[in-house]
1. At most 14 other Cβ atoms within 10 Å and a DSSP loop assignment: could you name the trypsin sites (Lys or Arg not before Pro) in region B:270-320 that fit?
2. Between residue A:84 and residue B:118, what FRET efficiency follows from the Cβ-Cβ distance if R0 is 35 Å, with the result rounded to 0.05?
3. How much length, in nm to one decimal, is gained on full extension between residue B:370 and residue B:263, taken as 0.36 nm per residue of separation minus their Cα-Cα distance?
4. Which value, in debye to the nearest 20, gives the size of the charge dipole of the protein assembly as shown about its Cα centre, when Lys and Arg are +1 and Asp and Glu are -1 at the Cβ?
5. I need the per residue convex hull volume for region B:47-202, using only the alpha carbons, in cubic angstrom as a whole number.
6. Evaluate the distance, in nm, between pseudo-label points positioned 7 Å from the Cα of residue B:57 and of residue B:41 along their respective Cα→Cβ axes.
7. Please work out whether region B:1-99 counts as rounded, prolate or oblate from its C-alpha gyration tensor, where a ≥ b ≥ c are the square roots of the eigenvalues and a/c under 1.5 means rounded, while otherwise a/b larger than b/c means prolate and anything else oblate?
8. Sort all Cα-Cα distances of the protein assembly as shown into consecutive 20 angstrom bins from zero, then give the percent of pairs in each bin up to the one containing the longest distance.
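Only the coordinates and a few stated rules stand behind these numbers; no lab work does. Note that the structure is a prediction, hence the values are computed from the model and not measured. Here the Cβ positions follow ideal geometry from the backbone for every residue, glycine too, while neighbour counts run over all protein chains shown.
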Amino acid sequence: MINIKYYHNKDVIVREIEGEYLMIPIASGIGDMEDEMYTLNETGIAVWEKLSPEKTLENIINELCEEYSADRNEIETDVIGLIDELYKRNIVLYKK
Amino acid sequence: MAEPDNIKSITLPDSDLVKKLQKTTTPVSINFELTARCNNNCRHCFINLPQNDRNAESSELSIKEIENLADQAVEKGVLWCLITGGEPLLRNDFSEIYLMLRRKGLLVSVFTNACLINQSHIDLFKKYKPRELEVTVYGIAEKTYEKVTGIKGSYKQFRAGLDLLLSNNVPVSLKAMAIHSNVHEIEEIAEFCTKYSKKKFKFDPFLHKRYDQDAKRNKLIESERLTKDEIVRIEHNNFARKNALIEGCEHLIFDQDIDSLGRVFTCGILKSGFEISYDGKLRLCSSLLHPDYVRDLRQMSLMDAYNGIAKNVINARSDNKEFLNKCSKCKIINLCYFCPANSYLETGKLDIPVDYFCKNAHARQEAILEWKKSSELP
């Protein structure tokens, strides 16, 4: 998994409103419940902002390790857990 | 689905975000009246111009202008957006506008008469679901429907459009205007709407006058207005409406007179929404057309326009004794159709009591209190 390049689904619009980082699905198949959207916490935002079709998860984990003083295993677990959830919900896609 | 700590799903309207937005001082919604033109010619309508009105069409905002306004609204944290008209589907670029607004992260609703719905709209709405798709039902019988719309063949178009939406599982909310031309079948309309509507059926018996102040059309609107007794009767006959009025009684009928300190505006107009007319004018309430409360967005930014209007709203005071002695302190003002916008449309001034509204409100007050009393009997 950490060798995969994940990127944002363009049918999820990210907005910051009233201090909340909102992910607003606009297409069917993502958050299909009425008015369903997602919020990210600070760690989630840091990961989300680094996602790119040019970067593997390993690249992202390395960058986060340089920026934050947390333990590498902890960062890796956080990143993989988040990406897993985002992928299940179709919020991120991966480059084949 | 279990969620890790760093992602959380929320649903409006019960989220903390909505509570925060309710506390903001500026609007959180933007309404685009894409066109004043309509394929129907409804007798009671306050805006409709002929669909081939080239003058009206040439003054409509372009998609670029709409995008620029949407960007300004999004920047201010606006979350909700309504596309309305006229009939918005008359715009050839409707789909592009709709998708552009969705891509801004706005939660977009659409008001339409459904007559022009085609397969490409279905494909669009299936892939990019609107938050709400509200369709007005003018009648159940072809004759009634077309008496209201004034267009032969419109009923078949409406049924075809609605069928296309329903058969493709595009959820619609159905609603009605209750007017003289259809009041004889309002209960059948309610039954039809309840059967097919995603949300509770709602109807509106209150007609306001035209934005263009066309005297002949205003006479027609007056002729379509229900009497106070008819309004009370249809509210009585609609279980949900009657119950809501009984339950909301204490907010609709206060125990004693209120003191508005001579303020002209006592509604929530400053928060109600950015209302953008088809030709690029900002209003804070779609029917508030007094020039002191309208700004041209082709000449200034959204927030400059908003601030200019807001200042006038806050400072507006009445010196009309009749208004100050009646509406300004009226304990059933929340039951009344009176507001400065409607007063202006009726009388040309913001603070003149309107006899028709007043009589309706008093008749409804009497009825609601009686219903409430009966509902409390053991």
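1. Of the trypsin sites (Lys or Arg not before Pro), the ones in loops of region B:270-320 whose Cβ has at most 14 other Cβ atoms within 10 Å are B:298.
2. On the way: r = 41 Å, r/R0 = 1.16.
The value I calculate is 0.30.
3. 35.4 nm
4. Numbers: 65 positive and 72 negative charges, 349 e Å.
Once rounded to the nearest 20, the dipole reads 1680 debye.
5. Looking at region B:47-202, the number lands at 120 Å³ per residue.
6. 1.7
7. prolate
8. Final binned percentages: 21, 51, 24, 5.
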